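Below is one structure, written out as structure tokens; the observations come after it.
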Amino acid sequence: MKKIALIGAVALALSAAASAAEWKEIRVAIDATYKPFTFKTPEGKPTGFDVDVAQALCDELKAKCVFVEQAWDGMIPGLNAKKYDAIISSMSITEDRKKAVAFTGKYYNTPSRVVVKLGTVKNVPADLKGKKIGVLKASTQEKYARGELEPAGVTIVPYEAQDQVYLDIKAGRLDGTVADSVEVYEGFLKTADGKGWGFVGPVLSDKKYFKYFGEGAGIAVRKNDTALKAALDKAINTIRANGTWKKLNDKYFSFDVWGS
């Protein structure tokens, strides 16, 4: 019986390896409005930390990366409709999303923050009552805002892309946003339009916010693509071990975004 079980386990392992080897091309979904993680060069080429990580993983798997642009709220439906094979676009690993897709382990983890005009808010959420806060539609930040800010009298306005939030802040149509702290710094606070704006309230990394933000950004694949998930997990471990991940981290950040 033990011999039969061992033969079965070996057969399954060989089958998974063979299936993973079949991925000569991996179509990767990205939302290119999320600097510095995913954005476009002036020439329109996708770039950023997510894109470079995706390319490094494809290189490890000896597969061609084909990037497919997708609006954020359609990411998971598009994956399950087989428009692409993986989402590598700063998607947080949450229990709700695990119901629809499978995730690799994380490849980075940075916290979210509330951003408003400096001097207008001291206490979150109490001082946000009556204000309009823009968020990325179908994001973990929207989930947090709906769960924690909206009950306190805050109006939550969802957007198809995070850069649209910044345009409406500049135009005076919003009082602030909830966003990934690194993205909002790079995409808004360090720009001329972000002068006079800043973080308020707690860093949203406490365990009580885990139900909103999950355990970091991972790669989403379809639930039945177990060989691809296993291959990507192995590739993440490899680029962490061989220094590739650190090189990419240091290319975009002055600190370690792996997180806790």
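The values are calculated or read from the model by the stated rules, or taken from the named source; none is laboratory data. Nothing here was measured: the structure is a model prediction, and the numbers come from that model. Glycine also receives a Cβ, built like all others from the backbone with ideal geometry; neighbour counts cover every protein chain displayed.
Structure summary
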quantity: Wholly within region 72-191, strands (runs of 3 or more DSSP E) carrying at least 1 residues that are of a type in the set (Lys, Arg) and within 26 Å of Ala220 (Cα to Cα); calculated: 102-108, 112-117
quantity: Residues being closer than 26 Å to Val28 by Cα, in contact with a Phe, Trp or Tyr (Cβ under 9 Å, 6 or more places away or on another chain) and of a type in the set (Val, Ile, Thr) - total across region 189-229; calculated: 2
quantity: Within region 215-244, tally of residues that are modelled with pLDDT of 95 or more, within 19 Å of the chain's Cα centre (by Cα) and either of a type in the set (Asp, Glu) or assigned to a loop (DSSP other than H, G, I, E, B) (or both); calculated: 4
quantity: The listed residue being in contact with a Leu (Cβ under 9 Å, 6 or more places away or on another chain) and either basic (Lys, Arg) or farther than 17 Å from Phe37 by Cα (or both), out of Leu128, Leu174, Leu167, Leu118; calculated: Leu128
quantity: Residue check, Tyr159 touching a Phe, Trp or Tyr at 6+ places or on another chain (Cβ under 6 Å) and either surrounded by fewer than 23 Cβ atoms within 10 Å (Cβ to Cβ) or at pLDDT 95 or above (or both); calculated: no
quantity: Hits in region 26-65 - residues which are part of a loop (DSSP other than H, G, I, E, B) and out of contact with any Ser or Thr (no Cβ under 6 Å at 6 or more places or on another chain); calculated: Thr33, Lys35, Pro36, Pro42, Glu43, Gly44, Lys45, Lys62, Ala63
quantity: Out of Glu95, Glu60, sole residue that is closer than 27 Å to Lys246 by Cβ and surrounded by fewer than 22 Cβ atoms within 10 Å (Cβ to Cβ); calculated: Glu60
quantity: Residue satisfying all of: in region 46-57; closer than 25 Å to Leu189 by Cβ and not hydrophobic (A, V, I, L, M, F, W, C); surrounded by the most Cβ atoms within 10 Å (Cβ to Cβ) among these; calculated: Asp50
